[in-house]
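K.L.:
I am attaching a structure below and will ask some questions about it afterwards.
The values are calculated or read from the model by the stated rules, or taken from the named source; none is laboratory data. Just so we're clear, the structure is a prediction, and the values are computed from it rather than from any experiment. Counting neighbours? That spans all protein chains shown, and the Cβs are built from the backbone with ideal geometry, glycine included. For the accessible areas, the whole protein counts, side chains as well, though only heavy atoms, and no ligand, DNA or RNA atoms are used. Shrake-Rupley method; radii C 1.70, N 1.55, O 1.52, S 1.80 Å.
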Amino acid sequence: MISGENQHFTLVRCDSDEDWLAERRKGIGGSDVAAIMGLSAYSTPYQVWLEKTQGIHEDISEKSAVMWGNILEPVVGEHYMDCHADRHVRRVNAIARSIERPWAQASLDYEVFDPELGKWGVLEIKTAGWRRESDWEEGVPVYYQTQVAHYLSVTGRPFADVAVLIAGQDYREYRVMRDEEDIATVNAAVDEFWHDYVEDGIEPRIDAMDGASVFMAHERPEYDYLESENTPTMLNRWLLAKAELEHARAELDRWSAKLKAQIGDARGIECPDGKLTWNRFEKTYLDTGRLRSEQPDLLAEYQTKKQVDGGLRWKPRKEA
């Protein structure tokens, strides 16, 4: 049982993944906040809206980063406890739902009691790959700061400790104290999104990242066509943007070739405005053709299927 007074929230315990997903749809969780505020590199407001209104979400449980994050979470938690024997740490394993704002909820990892403060706080466990190491150079990245502020808002707690393991070997800790201005900013974004978009059923603006989600949401096995008496304005604008992009790409390729010819065997070009580097390196790849020829059964064993967004293709109608 979570410690401390629960005057700020109620606890919802889930017996299965299906129950947890169903509860997630009833409010905005910590991992949703960065997305709805436009701060996430992995999700968008539209994707969050799809999940909350239609139950459509991408299953990322088999992605390596997510899988290893789940495996390493208790390991990182144990290390935090080893580093702070004087602190009392307990697993929460439940969704905390705000009493005042029931659409605000938090899937908490752990809770921690700091005897120096004499108060309970939130303990959040993170893992990050080496590509994200720079995000942590100045402390907790902003996309996680929004999550922490949301958790502190829901729970009413005065602090959160964030323990992160980077690239499997670089352990760091950060303490985030409650900041009422940050909490007010996050609350305003959460409340606006929930009331104006989820409850009112209004779609947020669709971004380029949302292509796969739109595909998943409207996938139809028969791949039929929508009938339109006139060419939609958005299609004309897409065709114009596509033509401009193709022209720009051709220009980029042309001038890239000229610059590479000038650089030759050098590393790049240094000028008063900066440095242009031509990156060249060897890349290791799996020879699937050879594997298919020599070990077809092994290849078949490790093959899997997934939905792919193949992009938009335009085929003009031939005149009779």
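K.L.:
Here are some residues: ILE95, ILE99, ILE36. Which one is under 23 Å from SER16 (Cβ atoms) and among the aliphatic types (A, V, I, L, M)? Walk me through it before giving the result.
P.N.:
On the way: ILE99 fails: under 23 Å from SER16 (Cβ atoms); ILE36 fails: under 23 Å from SER16 (Cβ atoms).
Step by step, each of ILE95, ILE99, ILE36 is checked, and only ILE95 is under 23 Å from SER16 (Cβ atoms) and among the aliphatic types (A, V, I, L, M).
K.L.:
Let me ask something additional. I'd like the residue in the stretch 255-264 that is of a type in the set (A, V, I, L, M, F, W, C) and touching a strand residue (DSSP E or B) at 6+ places or on another chain (Cβ under 8 Å) and, out of all such residues, is surrounded by the fewest Cβ atoms within 10 Å (Cβ to Cβ).
P.N.:
Step one: of the stretch 255-264, the residues of a type in the set (A, V, I, L, M, F, W, C) are 255, 257, 259, 261, 263.
Pick out the ones that are also touching a strand residue (DSSP E or B) at 6+ places or on another chain (Cβ under 8 Å) and you get 259, 263.
On the way: LEU259: 13, ILE263: 15.
In this case the residue turns out to be LEU259.
K.L.:
If you don't mind, another one. Give the stretch 287-320 a look and list any residue that's acidic (Asp, Glu), open to solvent by less than 100 Å² (accessible area, probe 1.4 Å) and modelled with pLDDT of 80 or more, or say none. Walk me through how you get there before you give the answer.
P.N.:
Step one: of the stretch 287-320, the residues acidic (Asp, Glu) are 287, 294, 297, 301, 309, 319.
Still in the list and also open to solvent by less than 100 Å² (accessible area, probe 1.4 Å): 287, 309.
The answer is ASP287, and nothing else.
K.L.:
Which condition from (1) in contact (Cβ under 8 Å) with a residue 40 or more places away in the chain; (2) under 20 Å from ILE36 (Cα atoms) is the one that THR155 breaks?
P.N.:
(2)
K.L.:
Residues in the stretch 136-154: is at least one surrounded by 15 or more Cβ atoms within 10 Å (Cβ to Cβ) and charged (D, E, K, R)? I'd like the intermediate steps shown before the answer.
P.N.:
Of the stretch 136-154, the ones surrounded by 15 or more Cβ atoms within 10 Å (Cβ to Cβ) are 136, 140-141, 143-154.
Adding the requirement that they be charged (D, E, K, R) leaves none.
Within the stretch 136-154 (the criterion being surrounded by 15 or more Cβ atoms within 10 Å (Cβ to Cβ) and charged (D, E, K, R)), the answer is no, since none of the residues qualifies.
K.L.:
Tell me which residues, restricted to the stretch 265-286, are within 33 Å of the chain's Cα centre (by Cα) and surrounded by 10 or more Cβ atoms within 10 Å (Cβ to Cβ).
P.N.:
If the condition is that a residue be within 33 Å of the chain's Cα centre (by Cα) and surrounded by 10 or more Cβ atoms within 10 Å (Cβ to Cβ), then LEU276, THR277, TRP278 are the ones that fit.
K.L.:
State all residues of the stretch 118-135 that are part of a strand (DSSP E or B) and open to solvent by 80 Å² or more (accessible area, probe 1.4 Å); if no residue qualifies, say none. Break it down into steps so the answer makes sense when it comes.
P.N.:
If we filter the stretch 118-135 for residues that are part of a strand (DSSP E or B), which is where we start, we get 119-128.
Correct list: LYS119 only.
K.L.:
Can I ask one more? Which pairs have Cβ atoms under 8 Å, sit 6 or more apart or on different chains, and link a residue in the stretch 62-73 that is free of Cβ contacts under 8 Å to residues at least 60 places away in the same chain to one that is of a type in the set (A, V, I, L, M) and open to solvent by less than 50 Å² (accessible area, probe 1.4 Å)?
P.N.:
Here the result reads GLU73/ILE125, each pair linking the stretch 62-73 to a residue that is of a type in the set (A, V, I, L, M) and open to solvent by less than 50 Å² (accessible area, probe 1.4 Å).
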